[in-house]
Amino acid sequence: MTTRRAAPAKGTRKGTIRMIKHVVFVQPKSAGGNFEYVAIPRQGMLFLSAALKQHVERAKEGATRIANWVYDTRIWFEDKVGRLDVEKDLKGVDLLCITGLINEIPRAYELARKARELFPDIRIMGGGPHMGMLPDEAMKHGDFDAIVKHEGEDVIGPLADVLLSFPRRELPGELKKFGGVAFVEDGQVVTTPNRRTIKSDYVELPDYHSVVGLTPQTPWAAGVLETVRGCTENCSYCEVIQQFLGYRMVGREVEWKRLEQLQRLASDGLIMSSAQDGRFAVFVTDDLHPPPSRAVKFRNERMERVKGWKGRTDDMFMICQTRAELGQDPEMCEGLRSLGMEMLYVGVESNNAENLAAVRKRQEPGQVDSDLRSLQQWGFTNVAMTIIGLPHDTDEKIMEMADWVKTVSKYQTANLLTPLPATINWDLLPPLDDDGSLLPPGKIRPYEKYTGQRLVHYDKRWTMQESEDLYIRYTDRLRPVDRLYQRIFQRIRNRAEQGEGAIPQKVLATV
Ligand code: B12
Ligand code: SF4
């Protein structure tokens, strides 16, 4: 472990010398999933980095804390800045924090193993919706000191203090005192009972400034904004409810602060703006930004907030996720349009009623059709999110869906049904191996194939190869939104390579 001495940190007691602990957060390279991830940051790491710093600040205010150092953090998005060179980039680093979605997991485990091999004393923490649900697998295939389940803002600071204060052999005794973590003791994985769910704005502002390679020459294509954690629904293929345990809105004023932060980032050139109208894109990452009308309390609260956002989003081109039934709520549609909500990612999934019932989607195809048309009339650009390979699909019905969905949406996303941890599909659908044969018991799943572009479980209708062909035929009929982001990202890269400054971005203006 390296600990460099630093000048006394601001606010420390006179005479107390604080050291700096170096922390690297890494989001591993994806195995070819959506291009939005390359062009726009994912925010988990941004909140965790801010949480570590907040932890130190709170300690200064008198909260109990055993350590006497400050945290210097760097956030490494491999999709944006390339692969971390473990030997070079982790030199002098005390703590490595790794996240990962399902297709990023092989790289996540590889990073943990390599870091341990080259720096035996480094501390390594893992988390996110995959590792948090499968700590046994993470411990077996990666080399972690601790895995955090569910959200991490409340625990990352105290946990980092402990990991860096004790020799590794003494850690199990200390880690037992934390809720919602997993670690290895005497060769066995120990998982402690969950902690309490935290406030969704436990950290108010994400830490963009620690992102490696975020400059006016290489800005984000859009900012991200979180106003809610969790979802009011419970679709069978989705992991959100298990991961976030309920729908929780962040504070009204916190939303405003986050909007102001995005404005500052855009004016510093760290989020690109359109040369045509000067606006910059903001992706509201909430699973359901406007809640469904039946969730009356949340829906009304969102309506009030829409009014409160007036004047705070003037230079933003906003994008959010919603259910189609938003089309039945004229007041909300009008409000969202008036604050610059331009693009909606709509959970369409299927146009087959039996499929929708099978996945507990609580929507009906005829209604979805008219809702999407109504949203178009309000002036929204619809991005229809679809899933194929559902129980009642056939090749023919899938192609028919492609033809229909283009009439009610300008862009689309497409995924073949993919089992996710902690969902019913995980244990129900027999997993396939890399070559499409049934996975032998005990073998790790070929996660790099879990990009939604093929079936990764046994299905008597399609082999893995056939499902890849089906995916290509289906998406060839669509206008995938992904390709829009790919064009934007390519422009950023070209401009950066040519050493040019701000990006005259016309692509979003054409949306
Ligand atoms: C927005 C979003 C997208 C956008 C992303 C745009 C962007 N740049 O943000 C788009 C549409 C591109 C997308 C794509 C995909 N997504 Co997505 N996405 C989401 C969504 C709705 C929000 C993500 C988010 O911002 N969450 C909020 C942050 C704060 O949460 P977080 O990152 O999980 O981090 C917290 C904790 O998990 C924990 N934590 C995380 N990492 C670590 C690490 C350490 C060390 C610690 C201590 C803690 C910790 O602490 C964090 C703070 O509390 C989530 C659902 C959700 N609500 O999370 C799905 C979700 C993450 N996506 C999911 C999936 C499957 C995908 C795809 C693979 C789909 C596909 N087949 O293509 C792709 C993958 C993209 C890729 N890598 O190539 C799954 C992940 C399941 C899994 N086990 O991996 C989720 C959970 C939804 C679901 N269906 O269940 N996605
Ligand atoms: S509405 Fe979306 S986020 Fe909510 S459970 Fe269904 S798929 Fe998941």
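The values are calculated or read from the model by the stated rules, or taken from the named source; none is laboratory data. Since the model is a prediction, treat every value here as computed from it, not as a measurement. Cβ: placed from backbone, ideal geometry, glycine included. Neighbour counts: every protein chain shown. What goes into the accessible areas is simple: the full protein's heavy atoms, side chains included, and nothing from ligands, DNA or RNA. Shrake-Rupley method; radii C 1.70, N 1.55, O 1.52, S 1.80 Å.
With respect to the conditions (1) at pLDDT below 95; (2) within 26 Å of Asp201 (Cβ to Cβ), Val148 lacks only one, and its number is (1).
The residues on offer are Pro129, Pro135, and the sole one that is within 16 Å of ligand 2 (Cβ to nearest atom), modelled with pLDDT of 95 or more, surrounded by 19 or more Cβ atoms within 10 Å (Cβ to Cβ) and more than 19 Å from Val211 (Cβ to Cβ) is Pro129. Of everything in segment 452-479 that is part of a helix (DSSP H, G or I) and free of Cβ contacts under 8 Å to residues at least 60 places away in the same chain, the residue that is least open to solvent (accessible area, probe 1.4 Å) is Met464. Mind checking whether some residue in segment 113-131 is among the hydrophobic types (A, V, I, L, M, F, W, C), over 22 Å from Val181 (Cβ atoms), within 19 Å of the chain's Cα centre (by Cα) and not assigned by TED's automatic domain parsing to the domain that holds Thr423? No, because not a single residue in segment 113-131 is among the hydrophobic types (A, V, I, L, M, F, W, C), over 22 Å from Val181 (Cβ atoms), within 19 Å of the chain's Cα centre (by Cα) and not assigned by TED's automatic domain parsing to the domain that holds Thr423.
Here Glu325 clears all of (1) outside any helix (DSSP H, G or I); (2) modelled with pLDDT of 95 or more; (3) open to solvent by 10 Å² or more (accessible area, probe 1.4 Å) except the condition numbered (1). Looking across segment 348-376, the residues that are open to solvent by 40 Å² or more (accessible area, probe 1.4 Å) and of a type in the set (Gly, Ala, Ser) come down to Ala353, Ala357, Ala358, Gly366, Ser370. State all residues of segment 342-360 that are within 25 Å of Cys238 (Cα to Cα) and in contact with a strand residue (DSSP E or B) (Cβ under 6 Å, 6 or more places away or on another chain); if no residue qualifies, say none. Selection gives Met343, Leu344, Tyr345, Val346, Gly347, Val348, Glu349.
Among the residues of segment 221-249, those that are buried (at least 22 other Cβ atoms within 10 Å of the Cβ) and either more than 16 Å from the chain's Cα centre (by Cα) or more than 9 Å from ligand 1 (Cβ to nearest atom) (or both) comprise Ala221, Gly223, Leu225, Thr227.
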